[in-house]
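Below: the structure, in structure tokens.
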Amino acid sequence: MSQKSVPSILRVAVATPLRRSFDYLPPRDVDITTLKPGMRLRLPFGRTEVIGVLLEITQQAQVAAVRLKRAKQLLDAEPILSPELLWLLNWASQYYQHPIGEVVQQALPTLLRQGRPACVKGIELWQLTSSGQALQPNDLSRAPRQAALLSLLQQHPGGLTSAELNQQQDRWRPVMARLVEKNWVEMTEQHLASNHAQPPGDKPELNPDQLLAIQQILNHLGQYHAFLLDGVTGSGKTEVYLRVIDSVLATNQQALILVPEIGLTPQLLSRFQRRFPAVSIAVLHSGLNDQERLQAWLSASK
């Protein structure tokens, strides 16, 4: 008499105030071998549906087998949260005594929490059409915001990306939509891994203090170490950051820059784009919409 196989149980993090995970059976149309921790699942939960993140696959359920519900849909072909990040989120949940489901959900952009696809779109590039190039801003005197945006695009015949437009104008999308409707502007997606039309930036000569600071930091590259860089405005601190980041990028790693206030973002971003024209730079701040946040998060996660 053959032994009955034990079903695989999916242990899932669901955003609830309950300090526990939840068990489900795999979706009917999914091969269990394709499931990995860090993937999202659409789940029945009470009278509604929720999006959960798979934490582990086990053979022992936390509830009676008759109470187990089946997950409805697998949303990801690959995990959106790495094993290292899942470990960190589990640690944070335990250390701060906060529900694992809420901790995991807060690590995701809003659109991923809603079950939207985790796919990176191309870089939006906005350019004038031939009709738009023939216009003069004075022709739009009764629509000053359209005239200002038209003038800005005329100053950049190669086009402007959404990130560049965010630096130049507030709430430009509704205005841009009107220009597109009139066939004065067109948007294309540039599937590039680099920044748009940025010439390489020159590297200034370093002074002895900068050289010393850079060498001290690079001596500890690859390990945790804290440094305090002290200097007055204009003393060259940013150049120290740029040189160290250059060394980090050369080892195929990432760098995270925290800016003290959103108003400094445009000038700092422009400087980084000039220095690293072949590097995709993701920006996250409160001025982005949900789609822009998703694209930045996905870009940084690669």
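Table for the structure above
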{"item": "Helices (runs of 4 or more DSSP H) within the range 124-190 that include 3 or more residues within 23 Å of residue 269 (Cα to Cα)", "result": "144-154, 162-168"}
{"item": "Counted residues, the range 253-263 - those being open to solvent by 60 Å² or more (accessible area, probe 1.4 Å) and assigned to a helix (DSSP H, G or I)", "result": "1"}
{"item": "Of the criteria (1) closer than 21 Å to residue 108 by Cα; (2) among the polar types (S, T, N, Q); (3) open to solvent by less than 80 Å² (accessible area, probe 1.4 Å); (4) in contact with a strand residue (DSSP E or B) (Cβ under 8 Å, 6 or more places away or on another chain), which one residue 58 fails", "result": "(1)"}
{"item": "Pair list, Cβ under 7 Å, 6 or more apart: the range 153-166 residue closer than 22 Å to residue 284 by Cα, other residue open to solvent by 10 Å² or more (accessible area, probe 1.4 Å) and assigned to a loop (DSSP other than H, G, I, E, B)", "result": "161/196; 163/283; 166/287"}
{"item": "Residue match in the range 232-252 (condition: within 25 Å of residue 211 (Cβ to Cβ), open to solvent by 100 Å² or more (accessible area, probe 1.4 Å) and more than 23 Å from the chain's Cα centre (by Cα))", "result": "yes"}
{"item": "Selection within the range 266-294 - in a helix (DSSP H, G or I), open to solvent by less than 40 Å² (accessible area, probe 1.4 Å) and in contact (Cβ under 8 Å) with a residue 40 or more places away in the chain", "result": "269, 270, 273, 275, 292, 294"}
{"item": "Subset tally (residues that are out of contact with any Leu (no Cβ under 7 Å at 6 or more places or on another chain) and not in a loop (DSSP other than H, G, I, E, B)) for the range 25-45", "result": "6"}
{"item": "Members of the range 129-159 found to be charged (D, E, K, R) and modelled with pLDDT of 85 or more, listed by number", "result": "142, 145"}
{"item": "Test for residue 199: is it at pLDDT below 85, open to solvent by 50 Å² or more (accessible area, probe 1.4 Å) and under 30 Å from residue 156 (Cα atoms)", "result": "yes"}
{"item": "Looking only at the range 17-50, and only at residues there that are in contact with a Ser or Thr (Cβ under 7 Å, 6 or more places away or on another chain) and at pLDDT 95 or above, the one that is least open to solvent (accessible area, probe 1.4 Å)", "result": "38"}
{"item": "Members of the range 139-188 that are hydroxyl-bearing (Ser, Thr, Tyr) and exposed (fewer than 13 other Cβ atoms within 10 Å of the Cβ)", "result": "141, 188"}
{"item": "Output for the range 127-138, where each listed residue is touching a Phe, Trp or Tyr at 6+ places or on another chain (Cβ under 8 Å) and either surrounded by fewer than 17 Cβ atoms within 10 Å (Cβ to Cβ) or closer than 22 Å to residue 272 by Cα (or both)", "result": "129, 131"}
{"item": "Count - residues of the range 90-126 that are among the polar types (S, T, N, Q) and loosely packed, with under 13 Cβ neighbours inside 10 Å", "result": "4"}
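The values are calculated or read from the model by the stated rules, or taken from the named source; none is laboratory data. Note that the coordinates shown come from a computational prediction; the quantities given were computed from them, not determined experimentally. Virtual Cβ from ideal backbone geometry, glycine too; neighbours counted across all protein chains shown. We work out accessible area using only protein heavy atoms, side chains counted, and drop any ligands, DNA or RNA first. Shrake-Rupley method; radii C 1.70, N 1.55, O 1.52, S 1.80 Å.
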